[in-house]
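Participant: Below are the structure tokens for one structure; questions will follow.
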Amino acid sequence: MSKRSLNIILCGLALASAISVNAQNPLIRNQFTADPSARVFGDSVYIYPSHDIKATPGHGRLDWFCMEDYHVFSSANLTDWKDHGVILSQTKVPWADSAAYSMWAPDCIERNGKYYFYFPATAKANGQVRGGFAIGVAVSDHPYGPFKPLNEPIQGVRGIDPNVFIDKNGQAYLYWAQGNIYAAKLKDNMTELASPPQILAELPEKGLKEGPYLFERNGIYYLTYPHVANKTERLEYAMGDSPLGPFKFTGVIMDESASGCWTNHQSIAQVKQQWLLFYHDKDLSPQFDKNRSIRADSLFFNPDGTIKKVVPSMRGVGLTSASALIQLDRYSALGGDAAVTFLDTLHKFDGWKVVLKAAPDWVRYNSVDFGKKHWKTVEVRLRTEGTGSLIIRLNSADGPVVATVAMPKISEWKTMAFKVSLSPVGVRNLVMSLSGGANAEIDWIRFKN
Ligand code: FUB
């Protein structure tokens with residue numbers, strides 16, 4: 001079955017039940033996703049993103065964000081993500097305009113066994129008064145829903161991009177954006193303000209700020225937010241010693257995207273000791289940056305608590321099992337003139353391929369988990385324009401050889417199996433390089449035992 005047919009079936013299944021989706025960056029490849037809010041609940045990471053869709057005449061603005069519902073995704077290993085399907089849609093929210101397609105960046109938090117899902121949406125117009133953005137809450141007994149929306153949005157709040165933080169003493173705070181970043185205490189019921197909204201005024205004044213996300217580490221409160229300091233959004237942060245500040249602008253977490261994606265939007269979570277940055281770019285829609293895709297990369301702190309800048313990667317996070325499809329196009333590094341392009345520019349959800357034209361082109365893919373098994377063969381899905389050899393090595397382009405793949409000329413995509421000469425053990429980095437000028441295109445490789 002072609003990957004396209006499989007994807008169509010998977011998209012259909014997503015509506016009906018939980019399914020497995022992809023790994024690496026972007027994390028989700030059966031639909032567009034943006035504004036990821038990642039939370040650790042139990043043994044799994046749950047991501048609550050916005051769901052970008054393509055607007056059609058009469059359904060959203062053609063050149064703008066178009067969002068009618070939310071999905072939630074979960075993973076126990078950061079590699080295999082499960083799409084739990086739609087958890088809330090604009091037609092199910094009593095106070096929201098059911099034809100506004102404006103369900104922007106959400107958040108979710110757990111308190112006393114209940115899961116509170118916060119989302120912005122355009123409120124129904126009242127008489128002559130236009131609705132504008134309000135922030136609602138939907139509640140569930142489970143992180144994956146079903147979520148029941150309250151009848152009214154949170155009173156006293158107008159704006160977008162809600163974020164909730166619960167401090168060690170149990171006090172909850174709501175943050176949101178409306179030009180400035182606002183914050184207020186929440187009552188214990190998590191659905192009403194317990195203090196008047198205040199502007200967090202210590203942040204840069206010039207340029208749009210939105211998407212607040214607050215977290216605490218070692219007694220430092222980090223207020224993170226996207227900001228247009230130049231032409232497009234970059235991720236910045238400010239540090240403070242209380243959830244309401246005062247905060248001091250500290251630095252940049254991630255620079256503006258090289259792709260030109262105008263927005264970015266972050267959350268930061270500690271998953272099994274490792275801090276991760278969740279963000280988005282426009283991987284699956286290079287020409288239209290309102291159809292975005294979520295990503296994750298590791299984040300590190302300096303000894304003084306400041307954040308080291310995160311350089312976006314395709315490889316992302318998590319281990320890839322040696323027996324899974326190892327998508328080399330989600331690389332850790334490329335060398336020579338190696339390049340990555342879509343498999344089919346008309347069907348971008350099919351994914352990418354890596355192109356090695358001639359020696360010394362190479363591609364490195366980190367963190368493949370070989371475990372303790374003995375691996376006999378490696379399958380390679382490829383096509384070539386000439387003959388030559390692909391060499392799979394450990395660590396680097398001159399590391400120990402795992403397999404040598406002698407390629408005949410194959411003009412159609414074909415999966416071929418080759419003998420493994422050195423069976424790796426544990427978690428290893430792989431490098432594939434080319435010998436000769438075969439102009440090889442590789443979709444994926446996978447080990448068999
Ligand atoms: O996704 C719509 C809007 O784009 C979000 O609410 C902003 O944070 C920006 O990412």
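Participant: When you scan the range 157-165, do you find a residue that is more than 16 Å from the ligand (Cβ to nearest atom) and of a type outside the set (Phe, Trp, Tyr), even just one?
Facilitator: no
Participant: Here's another thing I want to ask about it. Among the residues of the range 137-146, is any touching a strand residue (DSSP E or B) at 6+ places or on another chain (Cβ under 7 Å), open to solvent by less than 10 Å² (accessible area, probe 1.4 Å) and either among the basic types (Lys, Arg) or within 16 Å of the ligand (Cβ to nearest atom) (or both)?
Facilitator: For the range 137-146, residues touching a strand residue (DSSP E or B) at 6+ places or on another chain (Cβ under 7 Å), open to solvent by less than 10 Å² (accessible area, probe 1.4 Å) and either among the basic types (Lys, Arg) or within 16 Å of the ligand (Cβ to nearest atom) (or both): absent.
Participant: When the range 55-83 is examined, which residues are found to be open to solvent by less than 30 Å² (accessible area, probe 1.4 Å), outside any loop (DSSP other than H, G, I, E, B), away from the ligand (no atom under 14 Å from the Cβ) and out of contact with any helix residue (DSSP H, G or I) (no Cβ under 8 Å at 6 or more places or on another chain)?
Facilitator: Of everything in the range 55-83, those that are open to solvent by less than 30 Å² (accessible area, probe 1.4 Å), outside any loop (DSSP other than H, G, I, E, B), away from the ligand (no atom under 14 Å from the Cβ) and out of contact with any helix residue (DSSP H, G or I) (no Cβ under 8 Å at 6 or more places or on another chain) turn out to be Val72, Phe73, Ser74, Ser75.
Participant: Return only the number of the condition from (1) open to solvent by 10 Å² or more (accessible area, probe 1.4 Å); (2) assigned to a loop (DSSP other than H, G, I, E, B) that Ile154 does not satisfy.
Facilitator: So Ile154 meets the others, but not (1).
Participant: Same structure again: Any chance the range 183-203 includes a residue that's under 19 Å from Val40 (Cα atoms), within 16 Å of the ligand (Cβ to nearest atom) and in contact (Cβ under 8 Å) with a residue 24 or more places away in the chain?
Facilitator: Checked against the condition, which is being under 19 Å from Val40 (Cα atoms), within 16 Å of the ligand (Cβ to nearest atom) and in contact (Cβ under 8 Å) with a residue 24 or more places away in the chain, the range 183-203 yields no hits at all.
Participant: Can you give me the number of residues within the range 395-412 that are in contact with a Leu (Cβ under 6 Å, 6 or more places away or on another chain), under 18 Å from Ser367 (Cα atoms) and assigned to a strand (DSSP E or B)?
Facilitator: Result for the range 395-412: 1.
Participant: Restricting attention to the range 324-349, which residues are open to solvent by 20 Å² or more (accessible area, probe 1.4 Å) and charged (D, E, K, R)?
Facilitator: Asp337, Asp344, Lys348
Participant: Condition check: within 16 Å of the ligand (Cβ to nearest atom), of a type in the set (Asp, Glu) and open to solvent by 20 Å² or more (accessible area, probe 1.4 Å). Does Asp52 satisfy that?
Facilitator: For Asp52, the condition - within 16 Å of the ligand (Cβ to nearest atom), of a type in the set (Asp, Glu) and open to solvent by 20 Å² or more (accessible area, probe 1.4 Å) - is not met.
Participant: Scan the range 251-264 and tell me whether some residue there is more than 30 Å from Leu343 (Cα to Cα), more than 16 Å from the chain's Cα centre (by Cα) and away from the ligand (no atom under 15 Å from the Cβ).
Facilitator: Yes: one or more hits.
Participant: Any residue that is touching a residue at least 24 places away in the same chain (Cβ under 8 Å), surrounded by 20 or more Cβ atoms within 10 Å (Cβ to Cβ) and within 16 Å of the ligand (Cβ to nearest atom) - is there at least one of those in the range 166-174?
Facilitator: Yes: the range 166-174 contains one or more residues that are touching a residue at least 24 places away in the same chain (Cβ under 8 Å), surrounded by 20 or more Cβ atoms within 10 Å (Cβ to Cβ) and within 16 Å of the ligand (Cβ to nearest atom).
Participant: Would you confirm whether or not the range 266-278 contains a residue that is within 16 Å of the ligand (Cβ to nearest atom) and either without any contact (Cβ under 8 Å) to a residue 12 or more places away in the chain or over 28 Å from Lys185 (Cβ atoms) (or both)?
Facilitator: no
Participant: Here is a list: Val93, Val86. Which entry is away from the ligand (no atom under 16 Å from the Cβ), among the β-branched types (Val, Ile, Thr) and over 21 Å from Trp176 (Cβ atoms)?
Facilitator: Result: Val86 is the single residue among Val93, Val86 that is away from the ligand (no atom under 16 Å from the Cβ), among the β-branched types (Val, Ile, Thr) and over 21 Å from Trp176 (Cβ atoms).
Participant: Given the residues Ser242, Ser257, which is the only one that is closer than 22 Å to Asn291 by Cα and polar (S, T, N, Q)?
Facilitator: So the residue among Ser242, Ser257 that is closer than 22 Å to Asn291 by Cα and polar (S, T, N, Q) is Ser257.
Participant: Could you say whether any residue in the range 348-368 is more than 30 Å from Asp297 (Cβ to Cβ) and in contact with a Gly (Cβ under 6 Å, 6 or more places away or on another chain)?
Facilitator: Scanning the range 348-368, I find at least one residue that is more than 30 Å from Asp297 (Cβ to Cβ) and in contact with a Gly (Cβ under 6 Å, 6 or more places away or on another chain), so the answer is yes.
Participant: How about the range 277-394: which strands (runs of 3 or more DSSP E) wholly inside it have at least 2 residues that are more than 26 Å from Lys419 (Cα to Cα)?
Facilitator: It comes to 293-299, 339-342.
The values are calculated or read from the model by the stated rules, or taken from the named source; none is laboratory data. If you're wondering where the values come from, they're calculated on a predicted model, not measured in any experiment. As a convention, Cβ positions derive from the backbone with ideal geometry for all residues, glycine included, and neighbour counts pool all protein chains shown. Side chains are part of the model used for accessible areas, which takes the heavy atoms of the whole protein and leaves out ligands, DNA and RNA. Shrake-Rupley method; radii C 1.70, N 1.55, O 1.52, S 1.80 Å.
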